[in-house]
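Visitor: I'd like to ask you about the structure that follows.
Read the figures in this text as sums done on the coordinates, not as results from a lab. Keep in mind it's a predicted model, so treat the numbers as computed, not measured. Glycine gets a Cβ as well: all are built from the backbone with ideal geometry, and neighbour counts include every protein chain shown.
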Amino acid sequence: MDICFYATLRPIVGGKRVSFDLAPGTTVAVLLRKASDRFPELGPLIWEPGGAFRDFLKVFVDGREARYLQGLDTVIASTAEVDIFPPVAGG
């Protein structure tokens with residue numbers, strides 16, 4: 001499955017789309033663990049030092065933010081589109 005990364009995350013993962021081998025029933029939490037294992041620089045952007053999710057990172061599954069679905073327990077369907085955004089600020 002291809003996962004789309006945006007903005008400052010792209011240089012870390014090497015581009016816009018990254019393929020991950022996800023088993024049926026994979027959750028957002030499992031995907032984020034796989035991403036941080038594969039790209040260690042992502043780890044501190046995704047996880048607090050104690051292992052809690054940094055909720056300023058935005059994960060969208062089929063255009064809906066995971067926090068408004070089942071959070072980290074959101075199951076990612078094999079046909080889902082997943083987008084991961086870093087925090088954004090502006091004026």
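Visitor: For residue 36 and residue 57 in the same chain, what is the full-extension length gain: residue separation times 0.36 nm, less their Cα-Cα distance, in nm?
Guide: 6.3 nm
Visitor: Further question: From the residues 76, 12, 39, which one has its Cα farthest along the dipole of the chain in the positive direction, the dipole being from +1 and -1 charges on Cβ of Lys/Arg and Asp/Glu about the Cα centre?
Guide: Farthest towards the positive pole: 12.
Visitor: Another one. Would you mind computing, in nm to one decimal, how far apart the modelled labels at residue 48 and residue 19 are, each placed 7 Å from Cα along Cα→Cβ?
Guide: Reported label-point gap for residue 48 and residue 19 is 3.7 nm.
Visitor: Something else about it: Let me know the Kirkwood hydrodynamic radius for the chain, please, with Cα pairs as the basis and the value in Å to one decimal.
Guide: In the chain this quantity evaluates to 13.2 Å.
Visitor: Take the Cβ-Cβ distance between residue 12 and residue 80 as r, set R0 to 25 Å, and report the resulting FRET efficiency rounded to the nearest 0.05. Walk me through the numbers before you get to the answer.
Guide: Working: r = 22 Å, r/R0 = 0.88.
About 0.70, to the nearest 0.05.
Visitor: Under a Cβ-only charge scheme (Lys and Arg +1, Asp and Glu -1), can you give me the dipole magnitude of the chain about the Cα centre, in debye to the nearest 20?
Guide: Value, rounded to 20: 160 debye.
Visitor: Apply the Karplus curve 6.51 cos²θ - 1.76 cosθ + 1.60, θ = phi - 60°, to the phi angles in the stretch 34-41 and return the couplings in whole Hz, x for Gly and Pro.
Guide: 4, 5, 6, 5, 6, 10, x, 5
Visitor: Would you kindly derive the ³J(HN,Hα) couplings of the stretch 15-21 from the backbone phi angles with the Karplus curve 6.51 cos²θ - 1.76 cosθ + 1.60 (θ = phi - 60°), listing them in order in whole Hz, with x for Gly and Pro?
Guide: Result, ordered by residue: x, 6, 10, 10, 8, 10, 8 Hz.
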